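*Asks:* Sharing a structure here in structure tokens format.
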Amino acid sequence: MLEKQTDEDIRFSRYAEFRDPSGSWTFDIRTYHDDINSIAPVDIPPDPDAQEAYRAAVFIEGFIQEQNSIDGWSSDTLDQFTSFDSAVELEAVARALRQIAEHTGQ
């Protein structure tokens, strides 16, 4: 019998390459510091607190939404970044930042 996948299972599988078997992110958010700051109009430190992580996530999510609305996902879009290799990776970083915000009080 096949088990029905939950929404959480589906979300997890989309970012599987960026998570370990326990569900923890396999990347260090500091790796993306320069690229995050190229999206956010405010300086986000390499180790953001809850408020800074929330702010960064909102700006990244806005960037993603804008690219999706103008059908702007081209190689040029990602070429402007040094650490983001795919739209999925960009989404994963936004989700990780949201988790930082949620787990530390935002």
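*Asks:* Among the residues of the range 64-106 satisfying the criterion of being of a type in the set (Val, Ile, Thr), modelled with pLDDT under 90 and not in a helix (DSSP H, G or I), which is nearest to the chain's Cα centre (by Cα)?
*Replies:* Thr104
*Asks:* Continuing with this model, one more query. Would you mind stating whether Arg19 is surrounded by 16 or more Cβ atoms within 10 Å (Cβ to Cβ) and at pLDDT below 95?
*Replies:* Yes, satisfied.
*Asks:* Yes or no: Asp71 in contact with a Gly (Cβ under 9 Å, 6 or more places away or on another chain) and over 18 Å from Phe18 (Cα atoms)?
*Replies:* The answer is no for Asp71.
*Asks:* For the range 35-63, enumerate the residues that are part of a helix (DSSP H, G or I), of a type outside the set (Val, Ile, Thr) and open to solvent by less than 80 Å² (accessible area, probe 1.4 Å).
*Replies:* Matches in the range 35-63: Asp35, Asn37, Ser38, Ala50, Glu52, Ala53, Ala56, Ala57, Phe59, Glu61, Gly62, Phe63.
*Asks:* Examine the range 76-94 for a residue that is out of contact with any helix residue (DSSP H, G or I) (no Cβ under 9 Å at 6 or more places or on another chain), open to solvent by 60 Å² or more (accessible area, probe 1.4 Å) and without any contact (Cβ under 8 Å) to a residue 12 or more places away in the chain, and state whether such a residue exists.
*Replies:* Scanning the range 76-94, I find at least one residue that is out of contact with any helix residue (DSSP H, G or I) (no Cβ under 9 Å at 6 or more places or on another chain), open to solvent by 60 Å² or more (accessible area, probe 1.4 Å) and without any contact (Cβ under 8 Å) to a residue 12 or more places away in the chain, so the answer is yes.
*Asks:* So which of Asp35, Asp43 is more than 17 Å from Glu102 (Cβ to Cβ) and more than 16 Å from the chain's Cα centre (by Cα)?
*Replies:* Asp43 is the lone residue from the list that is more than 17 Å from Glu102 (Cβ to Cβ) and more than 16 Å from the chain's Cα centre (by Cα).
The values are calculated or read from the model by the stated rules, or taken from the named source; none is laboratory data. What you see is a predicted model; the values in this text were computed from it and never measured. So basically every Cβ, Gly included, is an ideal-geometry build from the backbone, and we count neighbours across all protein chains shown. Surface accessibility is based on the protein's heavy atoms, side chains included, excluding ligands, DNA and RNA. Shrake-Rupley method; radii C 1.70, N 1.55, O 1.52, S 1.80 Å.
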